[in-house]
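Undergrad: Next up is a structure, given as C-alpha cells.
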C-alpha cells in the first residue's frame, strides 16, 4: 500500500492511499483523485518521506556490561506529525459529515422550507439544500437563520 501526501490547486493538503504508484498515476489520469474539501481533480503529489520504523522492541535489561545499549530514542521517523492544514482539513470533513447526519436534505426547496419553518408553518427541524445567493440574501433579510456551507464533492454520495 502506498500512502501519498497530495495537494490540490487550492492548497488543500490530504492523504491518498493506493495499491501502487501505477494505480495512483492511472487514477490521476482518469480524474478519479479529487480533493475531499473542494472536489478539485487537479492534484499533485507532494514530497514526503517514508515512515521508517527503525526501532525494534527490546526486552528490559539491567545496567550491565554494555552501557552503550539503551532503549531506542523516539525519532522523528517514529512520530507522525500532522500539519495544521491537515488538522483543519480533517476538522472540516468531520463537521461536514456531522451536518449531513443531523440534517434533512430538502434540495432546491431549501428557501421555501426555511421560510415555512421560520414562520411556524412547518415542523421545526434542521435542514440543508441548495439556494441561490439571491435567495440566501432574502432569507437573511427576513431574519431566517441560514448558513452557506460548501459541501465537499466526496461527501455528496451516500453516507457510509
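Undergrad: Taking a ≥ b ≥ c as the square roots of the eigenvalues of the Cα gyration tensor of the stretch 1-48, is the shape rounded (a/c under 1.5), prolate (a/b larger than b/c) or oblate?
TA: Oblate.
Undergrad: Given a cut-off of under 8 Å on Cα pairs at least six residues apart, what relative contact order in percent is computed for the stretch 1-48?
TA: On the way: 72 pairs, mean separation 21.0, N = 48.
With pairs under 8 Å counted, the relative contact order is 44 percent.
Undergrad: Multiply the residue separation of residue 22 and residue 101 by 0.36 nm, subtract the distance between their alpha-carbon atoms, and state the gained length in nm to one decimal.
TA: 24.9 nm
Undergrad: Compute the distance from the alpha-carbon center of the stretch 116-140 to that of the stretch 90-109, in whole Å.
TA: Value for the Cα centre distance between the two parts: 15 Å.
Undergrad: Right, next: In percent, how large is the relative contact order of the stretch 103-151, given Cα pairs closer than 8 Å and 6 or more residues apart?
TA: 38 percent
Undergrad: Once a ≥ b ≥ c are taken as the square roots of the eigenvalues of the Cα gyration tensor of the stretch 103-151, is the result rounded (a/c under 1.5), prolate (a/b larger than b/c) or oblate (a/b not larger than b/c)?
TA: oblate
No lab work stands behind these numbers, since they all come straight from the coordinates. Owing to the predicted nature of the structure, the values given are computational and were not obtained by experimental measurement.
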